[in-house]
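Notes follow the structure.
Rule-based calculations on the coordinates, nothing more; no lab input. Predicted model only: the values in this text are computed from it and were never measured. Glycine gets a Cβ as well: all are built from the backbone with ideal geometry, and neighbour counts include every protein chain shown.
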Amino acid sequence: MIAPRSILIWITGLLLVPAALISAADPTMVVVLLGAATLIAVVAVGDAVAVGDRLAGVEIQAPAITRLSKGVEGQFALQVFNRTDRALHIRVAIPTDRHVGCAERDRWVDLPAESGISVEFTCLPTVRGKYDLQQCCVAMASPLGLWIKRNTLPCQSEIRVHPDLMSERKRISAVFLNRGGAGAHIQRQVGRGREFDNLREYVAGDGYDEIHWKATAKRARPITKVLRIERTQEVNVIIDASRLSARVPDAPNRTAADIDDPAVSTMLERFVTAAMILGMAADKQGDRFGVMSFSDRVDNFVRARTGRSHYRSCRDAMYALQPRMVAPDFSELFAFIRMRLRRRALLVFLTCLDDPIVAENFAHCLPLIAKQHLVVVNMIRPWGVGELFSGEKVSSVDDVYSRLGGHLRLQQLEELQKGLQHSGARFNLVDNESLCPRLVSQYINLKHRQLL
């Protein structure tokens, strides 16, 4: 496609308008108008023909996947090739989503003959998710600059915007994420361990529960079994992606759509970030790590394993997770867990239970898995939930009623905590800013006490 540039429009106006005024004042001077129009037409047509088909030799290649972090400046690179025998001065543009945050979507570059260059675009993503780039646009000006010729080239690429983990990781002590590295401290392990190591002869003082009775009967003398601390355990983070997770923690029961700012961090955004941070800690501790997300059904499930490739699989499964405006179905979720997770594991739930009906459904279905697994439930403290005489001083009657309502909601959550504890689960009401540190601290404490 070829289109006129602004310079052609200005030249046409500067020449034809005076010529038209002269011919209108003196009809015998109409030849001036015809001559100016003919001159402009000949020059413009000649310049358009001179462009030719030079863009036919331009090719663009983009990486299949580009990974960026939300709120962190990154680079998106294109490889532009010139298959012709002459240098070109072209314009390269990428039609990306506004949430990718490209500082400049187009750039003029000099492309050498029979060569290629790399064109980098600086991006500052504002919303986590997946963005497809299916085509790129190239353009070049005519020799006189009167026309610009455009062409659209296929370009299959995918931009994945992940949550920013570095800012959260800096808040966590190095003892959690760097096993044996700087800042690490030796901790005494509570208990003698539960994993079988070997057999040895009986020594005076060994308890009856330490005797291996089958080996004792076979060898006709007391044999004691030696246990060791279990090093490899299974940790699964279960993320609630239902309607309650779409709320903003620091706003009064409002979602990102209500605020009309998708860049606002919702509860689900915090859940995904905390899950990835806990995955880092579990990997450093040598444990298997898995993730699961649910709403009215199980949306994603990555079975617990170890290694960097597995961590990338968990990250790819969670980075595009968005809340769905449905109620959570805990009966289907717990049935799925009961069938798929046969080995005892630590199940860390990141959910919202301030809705009484949702909390009742969770407590009703919890016994299905509580006896087999160690269940820890974490919930971000909703806006306004707190003790009656805490926080800033009230300034109006509405503040008094709001503070009273928050206190009553806190009492409901405390009653829920007692009920879940009676069923064998731990419930924690965590502030938004301290979610990641608290989550890692809980995991390290449970591992230290060998509760798995």
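Pairs Lys225/Lys418; Lys170/Lys418; Lys130/Lys371; Lys225/Lys447; Lys284/Lys418: which exceed 27 Å Cα-Cα? Long pairs (Cα-Cα over 27 Å): Lys225/Lys418; Lys170/Lys418; Lys130/Lys371; Lys284/Lys418. The separation of the range 47-111 from the range 347-375, counted between C-alpha centres, amounts to 51 Å. The H on the amide N of Thr66, modeled in the peptide plane, is under 5 Å from the matching H of Glu158, Ile159, Arg160, each at least 5 residues off or on a different chain.
Taking amide H positions as modeled 1.01 Å from N, with prolines and chain starts lacking one, the residues under 5 Å from Val291 and 5 or more places away or on another chain are Val237, Val302. Considering only alpha-carbon pairs that sit under 8 angstrom and 6 or more positions apart, the relative contact order computed for the chain is 12 percent. Applied to the range 37-44, the Karplus parametrisation 6.51 cos²θ - 1.76 cosθ + 1.60 on θ = phi - 60° returns per-residue 3J(HN,Hα) values of 5, 5, 4, 5, 5, 5, 5, 5 Hz, with x for Gly and Pro. Within the straight-line cut-off of under 15 Å between alpha carbons, the aspartates and glutamates reachable from Lys70 are Asp97, Asp164, Glu168, Asp261, Glu269, Asp316, sequence neighbours fewer than 8 places apart in one chain being disregarded.
3J(HN,Hα) along the range 201-218: 5, 5, 10, 4, x, 5, x, 5, 6, 9, 7, 8, 5, 5, 5, 5, 5, 6 Hz, from the Karplus curve 6.51 cos²θ - 1.76 cosθ + 1.60 with θ = phi - 60°, whole Hz, x for Gly and Pro.
Kirkwood hydrodynamic radius of the chain from all distinct Cα pairs, in Å?
Result for the chain stands at 27.6 Å.
The packing ranking, built from the mean of other Cβ atoms within 10 Å per residue, places the peptides 77-86, 359-368 in the order 359-368, 77-86, highest first. Annotation for the range 362-452: GluC sites (Glu not before Pro) lying in DSSP loop with at most 15 further Cβ atoms inside 10 Å of their Cβ are Glu387, Glu392, Glu433. Look at where the Cα atoms of the range 2-42 and of the range 388-417 average out, and the two centres are 77 Å apart.
Calculate for the chain the 222 nm mean residue ellipticity that helices alone would give, adding -39,500 (n - 2.57) per DSSP H run of length 4 or more and normalising by residue count, nearest 500 deg cm²/dmol. Intermediate values should be presented prior to the final figure.
Values: 13 runs with 155 residues, N = 452.
Theoretical 222 nm ellipticity from helices: -10500 deg cm²/dmol.
Annotation: average projected area of the range 49-123 is 5.6 square nanometres, based on the convex hull of Cα atoms across all directions.
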